[in-house]
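This report concerns only the one structure given below.
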Amino acid sequence: MTFCEYRPGLEGIPATQSSISFVDGQRGILEYRGINIEELAQHSTFLETSYLLIYGSLPSQEELAEFEHEIRFHRRLKYRIRDMMKCFPESGHPMDALQACAAALGLFYSRRALDNPDYIRAAVVRLLAKIPTMVAAFQMMRKGNDPIQPRDDLDYAANFLYMLNEQEPDPLAARIFDICLTLHAEHTINASTFSAMVTASTLTDPYAVIASAVGTLAGPLHGGANEEVIEMLEEIGSIENVEPYLESCIQRKAKIMGFGHRVYKVKDPRATILQELAEQLFEKFGRDHYYDIAITLEKAVEERLGHKGIYPNVDFYSGLVYRKMGIPTDLFTPVFAIARVAGWLAHWKEQLNENRIFRPTQIYTGMRGTPYVPIEKRQSEQDQQLLNLVTG
Ligand code: ACO
C-alpha cells in the first residue's frame, strides 16, 4: 500500500487501532471503554477509572480493593530518588522534575520483562502510586522543606492534596480533585499518548515510556495550556478588558489559551463538567474574580470564533478549579500528568499486545548530490552576505 498524502500534524490520519477511548468531536462525546465520561465522573473514582482504562472493564469490589491496596503500599519514594530531587534547582519547572524522576524509576526497576504479567502489573502500580508523591515532594523541596510522607489512611486524591499542603483536604475539594483526575485520565491519540506509544513500540521500559509522554505533555499547545489560561486571565484583569483583549488576539492571529481542539468542534464535555465543579467550589469557598472574566471570555469567543469550531477545551476551567484548591499554577500540568498516566499506561499495554515499531515515512524536500566543500574552503553565512553586497 502506498499513501502519499502529507498532512501536517498527521491530522485525521489513524496512527493505531485502539479500544480504550472514543471521542465524537462534533457532538461533544467522550467515552472510556464505551462508558460515558459524565457517568464515570459522577459514580467512579479515579483509581476505578484507571483500572477500567488499563484492564478493559470496571473492577469488581475485590479487584478494586486489591488494586487500591497495592497502590497505597507503593506510594513511598526510594530515598535515593528523594536525594536526587534535592539536587534539582528550585527554579526548575516541576514538569522537568517529574520527567527526570519518572525516567529515574527505570534505574531502580528496569528488568524489561515485558512478557511477564507480574512485571506489567508492578509497573502500572508503581507509576500510578509514585507520580503524585514525586510531584508533591518536588513542591515541598523547592520551598526548602522535607517532603511529606504519604498517609495510608487517605485515599488517592486526598493523600495527594495532603502531601502538597501538609493538611488534610476538605472532603468536597478531595472529591472534586478526584473527578478532575478522572476527566484528564485519557483522551485517544493526543500528542503525549502518541509519544508514549512510539516509545513503547521500541520495547523500552515503561518508565522511559512515561518520561517521554511527560516531556510531550509539558508543551504549551498541549498540557501546558492550563497554566497559560491563568496567566491570560490575569493579563485580561477585568471584565471590561475582555473584548479589547480578544480583539487584539484576533488582529495578531494569536491563539486564545484554553480554546480550540483538534477533535472537538463544540464545547469539550470535560470543560462543561469542570465548569460545574468550579461553581461547586466557589459556592463553598467563595467566588473567584477570574471566573467572571472566564465566562465573559467564553461568551465573547463563542460569538467571534464559534463559527470556526473554537470553544473551551479541558484546560479552560481546570486551572480555575486547581487555583481554588491552592495548587500553584506551575503544578497544573504535573497534576494533568498524574491523571494521564492512566491513559498512557493503557496505551502502553495495548501497544505491547500487538506491537510493531513505529517507523513512518517522510517526503524529502532537501537537495540531492550536494558537492562536499572542505572546511578551509567554506564561507560563513556572514561572509557570503558581504560577498553578495560587494558583487551587487
Ligand atoms: N484561539 C484563536 N483561534 C484559534 C484557536 C484559539 N485557541 N485555536 C484554533 N484557532 C483557529 C486558528 O487560528 C485557525 O484559524 P484559520 O483557519 O482562520 O487559520 C483554525 O482555528 C484552526 O486552528 P489550528 O491551529 O490549525 O487547529 P489545530 O487543530 O492545529 O490546533 C490546538 C488545536 C493546538 C489545540 C489549538 O486550538 C490551540 O493552539 N489552542 C490553544 C492552546 C490550548 O488551549 N491547548 C490545549 C488543547 S487541549 C489539550 O491538549 C489537553
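Return the Rg/Rh ratio of the stretch 225-323 with Cα-based radii and a Kirkwood Rh. Show your work: numbers first, answer last.
Details: Rg = 12.7 Å, Rh = 13.4 Å.
Here Rg/Rh amounts to 0.94.
If you wrap a convex hull around the Cα atoms of the chain, how much volume per residue is inside, in Å³?
218
Taking the simple approach of a point 7 Å from Cα along Cα-to-Cβ for both residue 202 and residue 284, what is their distance in nm?
Going by the 7 Å Cα→Cβ label model, 4.4 nm.
Using a Förster distance of 30 Å, how high is the FRET efficiency between residue 368 and residue 221, based on the Cβ-Cβ distance and rounded to 0.05?
Computed FRET efficiency for residue 368 and residue 221: 0.35.
Starting from the Cα-Cα distance between residue 78 and residue 252, subtract it from 0.36 nm times their residue separation and give me the gain in nm to one decimal.
That works out to 57.7 nm of additional length.
If packing is taken as the average number of other Cβ atoms within 10 Å across a peptide's residues, how do 162-174, 379-391, 97-109 rank, most packed first?
The packing order, highest mean first, is 97-109, 162-174, 379-391.
Can you tell me the FRET efficiency between residue 300 and residue 381 if r is taken as the Cβ-Cβ distance and R0 is 45 Å, rounded to the nearest 0.05?
So the FRET efficiency works out to roughly 0.50.
Residues with amide H under 5 Å of residue 261's amide H, sequence separation 5 or more or different chain, H placed in the peptide plane at 1.01 Å from N; which?
So residue 261 has HN proximity to 311.
Which chymotrypsin sites (Phe, Trp or Tyr not before Pro) in the stretch 327-384 pass both tests, a DSSP loop state and at most 16 other beta-carbon atoms within 10 Å?
Working: sites: 332, 336, 344, 348, 358, 364, 372; in loops: 358, 364, 372.
Those satisfying the criteria are 358, 364, 372.
Would you mind checking 130/284; 267/308; 143/255; 86/324 for any pair whose Cα atoms are more than 22 angstrom apart?
Working: 130/284 31 Å; 267/308 12 Å; 143/255 33 Å; 86/324 28 Å.
Beyond 22 Å between Cα atoms: 130/284; 143/255; 86/324.
If the cut-off is 19 Å between C-alpha atoms, which aspartates and glutamates fall inside it for residue 253, apart from same-chain ones fewer than 8 positions away?
Within the straight-line cut-off, residue 253 pairs with 228, 231, 235, 243, 298, 302, 303.
Read the figures in this text as sums done on the coordinates, not as results from a lab. Treat the numbers as computed from the prediction; the structure is a model and nothing was measured. As a convention, Cβ positions derive from the backbone with ideal geometry for all residues, glycine included, and neighbour counts pool all protein chains shown.
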